[in-house]
1. Hey, what angle do you get for helix B:158-170 against the long axis of chain B, alpha-carbon based, 0 to 90 degrees rounded to 10?
2. Antiparallel as a % of all DSSP beta bridges within the protein assembly as shown, to the nearest 5?
3. Rounded to a whole number, what is D in µm²/s for segment A:246-306 from Stokes-Einstein with the Kirkwood radius over alpha-carbon pairs (37 °C, 0.692 mPa s)?
4. Taking each residue in A:177-188, count the Cβ atoms of any other chain within 10 Å of its Cβ, then average. What number comes out?
5. Ratio of segment A:21-178's C-alpha Rg to 2.2 N^0.38 Å, to two decimals?
6. If segment B:16-160 were replaced by its equivalent ellipsoid, with semi-axes equal to the square roots of 5 times the Cα gyration tensor eigenvalues, what would those be, largest first, whole Å?
7. So what is the orientation-averaged projected area of segment A:141-251, using the convex hull of its C-alpha atoms, in nm²?
8. Can you give the Rg/Rh ratio of segment B:1-55, where Rg is from the C-alpha atoms and Rh is the Kirkwood radius?
Amino acid sequence: MTEVMINASGVTRNFSISRGMFRGKQLLRAVNGVDLTVTRGEVLALVGESGCGKTTLAKILLGLLPQTTGSVSLCGTPIDTVPRLALARMIQPIFQDPYSSLNPRKSIGSIIGLPMRVQGENDQQLIDRRVEETMDLVGLPPRLLNAFPNQLSGGQRQRVAIARALVNRPQIVVCDEPTSALDVSVQSQILNLLNDLRQELNLTYIIISHNLAVVEHIASRVAVMYLGRIVEQADTASLFQNPQHPYTRALLDSVLTPDPHLGLPNTQLGASYPNPIDPPSGCAFHPRCVNAMPHCAARAPSGQAHKAAYVECHLYDGTETAKAG
Amino acid sequence: MTDHVLNVKNLSVDIPLADGVLHAVDGIDIHVDRGETLCIVGESGCGKSLTSLAIMDLLPKKAIRTLAALDLGGESILDYSERQMSDIRGNRMGMIFQEPMTSLNPAFTIGNQMVETLHRHRNISGRAAHDLAKHMLEKVGITAAAQRLNQYPHQLSGGLRQRVMIAMTLLCEPELIIADEPTTALDVTIQAQILLLLQELQTEFDMGLILITHDLGVVARIATRVAVMYAGQIVEQGTVEQIFDNPMHPYTRGLMQCIPVPGKTRPGEPLGSIPGMVPSLIGRFTGCRFADRCSLVTDACRSDDIALRDATDATQAYRCILDPRAMAKVA
């Protein structure tokens, strides 16, 4: 069961930002050297603050954006050599806002069937049958087949988005904040559905979320991103019980669990998120870090295995040399 | 009873639509004391934002507001004219909205907008207003406050903008702040900071705070008292400990089971959920509004309107005809 579905190594993506008419371009490294391996059946969560590059990384994996350097392969084939339609059969996205990701002028049936027609399927009966099957799979009643998105509730719309992603039976599904536009009672239904579908269809998920309680519930592995780099990666259980990177600790501290006996946490994250056009020197996290040491500003930490996690932090430099010696 | 900063009795908001009257808010009673945080929690469409707009008299023109009493700081503001209300808004009653970018004017600097507030309500202008604005920005933890005053809203990050909004709201030292989803548009790390800031300032200025949110995590950590709204009504209210440790109403209980809690819910196991949808509020509604989604529903639930009734402790009230002890056995 350790079939590698996604393998990314040294992936970077740069954008050039215009600074005005006479001032030339500036480089923004949205994703900056990411290594990632996802095996079949895994649920990998990408977490981090807005602007940390998680959506850019997802777009690269979906083949929607080419990477600047590095390589990405899906199921063993480099992503640049896979034709567009074949790629769409392998990997599909689910977006955050089901209000804007569904065409308001198409019926539910034709929205869900569209990916099949795009793949060149002309047999309307086959499409209809598959659409009904998929609607049943995601818990949409058949009477909604001819309804329009504006007649549906938020949870139902998100089910339509999931059905559309699954109609061609992809291997990998990338969910970009799948529940953050939904109400609490609907969020739990969608999370349960995603979990059931994964087991039923043997799917591999990449879930982007800023809600760490959701991540803990659904993910099997978590990658924490900060300014385009993965600063910590570990199994969900060990990451939540024993976070290594100071940034991961601060993120976990800021999760507000519904316990009225605890007050508000003080995350000590003082300064705000740095400007990605002008990242701090050395370790990008050092201006906000409670454990910052003088050499953190000078040198970027290299990634290392520490206990069960992969972590990029100077705090664990000593342990690495100890291991090496 | 006189120390209520805000006292609202029997607030209803009706919106006439083509196919009938939408009873968006139906008979809400709330009160807030100084130094107290009341959280109004509920799902989208339950009327929590309309409640806050109705208190400030900022409802859309079509909506009809009916009230039995509306007291601010002990005096009735129910019959105030539009002009008198605009003297109160931003002065004695502050507002913080969800998206700071849309509540700040993009064409004016932060300083301009803060000075204007002071000029309008306190008749302070020039150097004095500028210094007060700078002082308030420092108070909400903004560094290099003097430079920030000359910046435009688009030059600031989301967290900074929300801090500016809070600073602006505090300029006139209001008795009451109504914050409608103040941290929903922000990152988790910034959310914790902004909530902490609000709480500290609330204690310092001894204000009443009404916080409207759908996030139960936020509610648990900041609230003194909680009002749970469902389909235009308060279905349960009580202190934060009562609501979270001993929820009575089936809807409140359902909500609590829907959220994954690290350390409590087991990863991968199905979460609780509330089946069905919120009923349409167009036209007259009899019986319990939660009946269609409730697992404990009986015939009696649908026959008559349900009143709020006190739990064993008089500070907690809930809108359900069932006995909580019997419910505990079923749940």
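1. Tilt relative to chain B: about 80 degrees.
2. 60 percent
3. Calculated translational D: 245 µm²/s.
4. The per-residue average across the peptide is 6.
5. Working it through for segment A:21-178, the quotient is 1.18.
6. 33, 19, 16
7. 8.4 nm²
8. Taking Rh as the inverse mean 1/r over Cα pairs, Rg/Rh reads 1.05.
Throughout, read-outs are computed from the coordinates displayed, never taken from laboratory work. Since this is a predicted model, take the numbers as computed values, not measurements. Backbone-built Cβ (ideal geometry, glycine too); neighbour counts: all protein chains shown.
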